[in-house]
There are 2 protein chains.
Amino acid sequence: MNPNYTPLYQALTYRFKQEHYLTTALTHRSAGTPNNERLEFLGDALLNCITAQTLFERFPNAREGELTRMRANLVKRDTLVQIAQHLALGQYLRLGGGELKTGGNGRASILSDTVEAIIGGIYLDSSMNTCQSVILQLWKKFFNNLSQRKIKDPKSRLQEYLQSKQQPLPTIPIYRVLNINGTDHAQLFKVECLVPGLSQSTYGSGESRRRAEQSAAAKALKVLNVD
Amino acid sequence: MNPNYTPLYQALTYRFKQEHYLTTALTHRSAGTPNNERLEFLGDALLNCITAQTLFERFPNAREGELTRMRANLVKRDTLVQIAQHLALGQYLRLGGGELKTGGNGRASILSDTVEAIIGGIYLDSSMNTCQSVILQLWKKFFNNLSQRKIKDPKSRLQEYLQSKQQPLPTIPIYRVLNINGTDHAQLFKVECLVPGLSQSTYGSGESRRRAEQSAAAKALKVLNVD
């Protein structure tokens, strides 16, 4: 007999039609075979892909490096453990005796692997689209955090920070192109960022004026200790 | 005006409806923006996911480690470069002056990144299903190579190898369980593999008799220098 999965289905916003996929996803290798190792392989790939697709769509102006960083943030172990805790996975895990005794149902690696295995199981039990919906629902908070903070570009963040300070007069950063090297499609801009009241300038370079300014602004944020 | 993409469409077994996706996919960052960096991010994730899904389906008995190794083989740079050469990508690349002069259109990193970017472009131009079909067609040879050789388990390969040798009498390996340790779900089997005519036995252990035998057979293949 299976345990009562109803609370888990509610937290997942998904009800398994073929419950054996869920049971396998919850089975750690210490409990024998079949276990969740293959599902984890599949779920890891799906999670990576679905987060990549979503970030690509939602952040049309983010560069590849920024997309990579955001995805790493969404799929890192710490995030997966938070999802596992939200699902209260610890109480459903099927562990071997040794793992059970040594607290395996609270271990980060086991919890995060199980989240991936459940994603693999949902895909097999339904479709890519359903799997995507479940992920977007479970990860909603983490996607929103990205949108609110990480994603704002450094120039906007610097401007907002300076405006938020109670200065006698509003302060805005000043950008100045120092030089442009190279020709045609291989130009390199060097830009200075001056923040009134800040004793040191910061500098940035890039393939366009905009990128060089963003780089200089990012450095000013560092000097100001604004994360 | 775009170059004549007809031969590329034939090699790809796909014709872009929105050709700007292909043009962007072929544009290296050295040629300015928009370039293929974002599409490469997307295509890399899609390729990883589609190869994982395919391997999972095609090799229902492969363990997670084997699936991971096979996927690494399918998505490694060397494989991507072979795909790029099949597509004759070098002649379509859009590179900046510096990259062009230094042979960028033959560089492995540029070719393999561009293959990923084209996959991202096909997905945006069509659907996940179409993207999958194109990948399976382009990678057909590589998937077949996996099926024919890598995937056979060590016991089967050892048996086939011994049968292929022109011995006076057919030779088969003999497996013997030496001991079983542990209890319940945490048993550990130790198995000896005896190959008639081979002076040394080999040994393997595992969580089941079958796995221990596979491990011992793998070691016998090593001793026999069979890859």
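The values are calculated or read from the model by the stated rules, or taken from the named source; none is laboratory data. Here the structure is a predicted model, which means the values were calculated and not measured. So basically every Cβ, Gly included, is an ideal-geometry build from the backbone, and we count neighbours across all protein chains shown.
I'm trying to understand the selection: among the residues of the stretch A:32-48, which are farther than 26 Å from residue A:98 by Cα and among the hydrophobic types (A, V, I, L, M, F, W, C)?
Matches in the stretch A:32-48: A:42, A:45, A:46, A:47.
Being more than 10 Å from chain A (Cβ to nearest Cβ) and either of a type in the set (S, T, N, Q) or part of a loop (DSSP other than H, G, I, E, B) (or both) is the filter here, so list the residues in the stretch B:86-102 that pass it.
Passing the criteria: B:87, B:88, B:91, B:92, B:93, B:102.
Looking only at residues in the stretch A:53-72 that are in a helix (DSSP H, G or I) and small (Gly, Ala, Ser), which one is nearest to the other protein chains (Cβ to nearest Cβ)?
So, considering only residues that are in a helix (DSSP H, G or I) and small (Gly, Ala, Ser), the one nearest to the other protein chains (Cβ to nearest Cβ) is A:65.
Residues are listed down the side, and each one gets a yes or a no for (1) more than 30 Å from residue B:123 (Cα to Cα); (2) of a type outside the set (Lys, Arg); (3) within 13 Å of chain B (Cβ to nearest Cβ):
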{"position": "A:3", "(1), (2), (3)": "yes, yes, no"}
{"position": "A:12", "(1), (2), (3)": "no, yes, no"}
{"position": "A:16", "(1), (2), (3)": "no, yes, no"}
{"position": "A:20", "(1), (2), (3)": "yes, yes, no"}
{"position": "A:33", "(1), (2), (3)": "yes, yes, yes"}
{"position": "A:40", "(1), (2), (3)": "no, yes, yes"}
{"position": "A:45", "(1), (2), (3)": "no, yes, yes"}
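Can you report the number of residues in the stretch A:16-74 which are surrounded by fewer than 19 Cβ atoms within 10 Å (Cβ to Cβ) and touching a Ser or Thr at 6+ places or on another chain (Cβ under 6 Å)?
Total satisfying the criteria: 1.
Only one of these is at the interface with chain B (Cβ under 10 Å from one of its Cβ atoms), of a type in the set (Val, Ile, Thr) and assigned to a helix (DSSP H, G or I): A:83, A:50. Name it.
That would be A:50, the only listed residue that is at the interface with chain B (Cβ under 10 Å from one of its Cβ atoms), of a type in the set (Val, Ile, Thr) and assigned to a helix (DSSP H, G or I).
Which residue is modelled with the lowest pLDDT, if the candidates are limited to the stretch B:167-199 and must be under 16 Å from residue B:225 (Cα atoms) and surrounded by fewer than 11 Cβ atoms within 10 Å (Cβ to Cβ)?
Filtering first and then ranking leaves B:197.
Restricting the stretch B:1-15 to residues that are modelled with pLDDT of 95 or more and assigned to a loop (DSSP other than H, G, I, E, B), which is surrounded by the most Cβ atoms within 10 Å (Cβ to Cβ)? Explain how you work it out, then say what you get.
So in the stretch B:1-15, the residues modelled with pLDDT of 95 or more come out as B:5-15.
If we keep only those that are assigned to a loop (DSSP other than H, G, I, E, B) as well, we get B:5, B:13-15.
Values: B:5: 16, B:13: 11, B:14: 21, B:15: 14.
Per the criteria, the residue is B:14.
Among the residues of the stretch A:121-132, are any at pLDDT below 95, in a helix (DSSP H, G or I) and of a type outside the set (Val, Ile, Thr)?
Checked the stretch A:121-132: no residue is at pLDDT below 95, in a helix (DSSP H, G or I) and of a type outside the set (Val, Ile, Thr).
What's the number of the only condition in (1) within 14 Å of chain B (Cβ to nearest Cβ); (2) free of Cβ contacts under 8 Å to residues at least 60 places away in the same chain; (3) farther than 16 Å from residue A:134 by Cβ that residue A:75 fails to meet?
With respect to (1) within 14 Å of chain B (Cβ to nearest Cβ); (2) free of Cβ contacts under 8 Å to residues at least 60 places away in the same chain; (3) farther than 16 Å from residue A:134 by Cβ, residue A:75 is out only on (3).
What residue, of A:80, A:95, A:74, is closer than 14 Å to residue A:26 by Cβ and at pLDDT 95 or above?
A:95
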